Amino acid sequence: LKRTFFSIIKKNTKYKKKAVILTYHRVAQLTDYPYPIVVSPENFTEQMKLLKENYNPLPIGQLVEAINKHDIPDKGVVVTFDDGYLDNFSQALPILEACQIPATVFVTTSNVSEQREFWWDELENILLKPSKFPKSLTLHIDGHDNTWHTSNMIERNKARRSIHLHLRSMNFYARQQVLDDLAEQVGKARETRNAHRSITKEDLRQLSLSKLITIGAHTVTHPILSSLPYEKQYKEFQESRLSIEGIINKSVEYCSYPYGSNEDFNNNSLKAVRKCDFRGACTTIHRIVDRSTDPIKLPRCGVDDWDGKYFNQRLEHYFCLE
Ligand SMILES: [Zn+2]
């Protein structure tokens, strides 16, 4: 009896004064996509139905207010999307509307105005899609020539992963040069595929009109903030904020750090976020939200292409995190 009593207490206290912020990127039906950031519309529908039935979905603003008042709602779940893919509007929004789930979309603004793909998608397109491919690639990076063997798909995939790591730590302009160079060596023009495009200005405006949606900033060029001096970090946040505000005609009060782990931002990033007067900022630090959470270092838990049942198990697990 005693054990049962305590297990009931434990079951009921698991959700008490804790909330979880979920990180999504894309909702789409894609085959052969190498990044684990896509949830199929079918699974996303199951996940949102489950949130509606078993949890307490709320907008980010309400959660931040609750943190400031030390009054976290039980089973609170906040849905967020990073990067600003067009599919957030075309695929996710109708499902969010149907299930009445609030969500925040953090938009990287340079891609909205330039209508380019994100660099990791361009890399995938150049390295993995062409049927004819050179036997090797040589790129001049950080003052060195680096060569990758690319005579079969296994080698091309290996090269993609390795070049990905180089590109990730480069600045925007150096990265554009490497992509130009790669496209030339492969003999493929750089392009923007419909399935991988960022949201357009008009669609962003439409998205912002939904009562369920909060639009947030995710910098201009999606840099590793900790590699930049304070002034540049501030500019990344402030310019993306102003650019979004110009499009949606509403104030932007929340942001998320690109990549978002402890190594990807630093004290200067927090200072820049405060200077921009953001009310909250999301990391990808894997934790739950409780009364001790700092609103400009909000932890989040990632979601993969899981069916409803597995999604529920993961949420149960997330609510047990410290
Ligand atoms: Zn991002």
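The values are calculated or read from the model by the stated rules, or taken from the named source; none is laboratory data. Not measured: the values here are computed from a predicted model. Cβ placement follows ideal geometry from the backbone for every residue including glycine, while neighbour counts extend to all protein chains displayed. Only protein heavy atoms, including side chains, enter the accessible area calculation; ligands, DNA and RNA are left aside. Shrake-Rupley method; radii C 1.70, N 1.55, O 1.52, S 1.80 Å.
A few notes on this one:
- For region 33-163, the relative contact order works out to 19 percent when only alpha carbon pairs closer than 8 Å and six or more residues apart are counted.
- Two-decimal Rg to Rh for the chain - Kirkwood Rh, Cα set: 1.00
- Estimated inter-spin distance, L242 and S90, nm [label 7 Å along Cα→Cβ]: 3.2 nm
- Measuring with a 1.4 angstrom probe and ignoring ligands and nucleic acids, T31 comes out at about 120 Å² accessible.
- Set the Cα radius of gyration of region 195-290 against 2.2 N^0.38 Å, with N its number of residues, and you get 1.09.
- In sequence order, region 286-293 has phi-based couplings of 7, 8, 9, 9, 9, 5, 8, 5 Hz under the Karplus curve 6.51 cos²θ - 1.76 cosθ + 1.60, θ = phi - 60°, and Gly or Pro positions carry x.
- Here region 143-233 is assigned +1 on the Cβ of each Lys and Arg and -1 on the Cβ of each Asp and Glu. Its dipole about the Cα centre then comes out at about 360 debye.
- For the chain, with +1 on Lys and Arg beta carbons and -1 on Asp and Glu, the positive-most of T104, Q176, P34 along the dipole: T104
- For the chain, relative contact order (Cα pairs under 8 Å, six or more residues apart, normalised by length) works out to 23 percent.
- Charges were assigned to the Cβ only: +1 to each Lys and Arg, -1 to each Asp and Glu. The resulting dipole of region 33-112 about its Cα centre is roughly 120 debye.
- Extension gain for D304 to L321 (0.36 nm times residue separation, less C-alpha to C-alpha distance): 4.3 nm.
- Shape category assigned to region 163-322 from the gyration tensor of Cα positions, a/c cut at 1.5: rounded
- Each of L209 and Y35 was given a label point 7 Å from its Cα along the Cα-to-Cβ line. The distance between the two points is 2.9 nm.
- Stretching R168 away from D277 to a fully extended chain increases their span by 36.5 nm, per 0.36 nm per residue minus the current alpha-carbon distance.
- Each Lys and Arg contributes +1 and each Asp and Glu -1, all at the Cβ; summed about the Cα centre of region 204-266, the dipole is approximately 320 debye.
- Subtracting the Cα-Cα distance of T147 and S251 from their residue separation scaled by 0.36 nm leaves 32.7 nm.
- Sorted into 10 angstrom bins from 0, the C-alpha pair distances of region 68-114 split as 22, 42, 25, 11, 0 percent.
- The calculated Kirkwood hydrodynamic radius for region 165-234 is 15.2 Å, given to one decimal from all distinct C-alpha pairs.
- Label zone at K17 (point 7 Å along Cα-to-Cβ), backbone N below 14 Å, region 52-89: 67-75
- Label point distance in nm, K69-R291, each placed 7 Å from Cα along Cα→Cβ: 1.4 nm
- Leading residue at positive end of dipole, region 114-220 (Cβ point charges), from L123, I199, I213: I213
- The H on the amide N of I141, modeled in the peptide plane, is under 5 Å from the matching H of N146, each at least 5 residues off or on a different chain.
- With 31 Å as the limit, the listed pairs K188/K271; K75/K232; K69/K232; K16/K250; K250/K271; K129/K297 have K188/K271; K75/K232; K69/K232; K16/K250; K129/K297 beyond it between alpha carbons.
- Each peptide in 89-100, 167-178 gets a packing score, the mean of other Cβ atoms within 10 Å over its residues, and the list from highest to lowest is 89-100, 167-178.
- Anisotropy class of region 120-189 from Cα gyration tensor, a/c 1.5 cut: prolate
- For the pair region 260-322 / region 140-206, the C-alpha centres are spaced 28 Å from each other.
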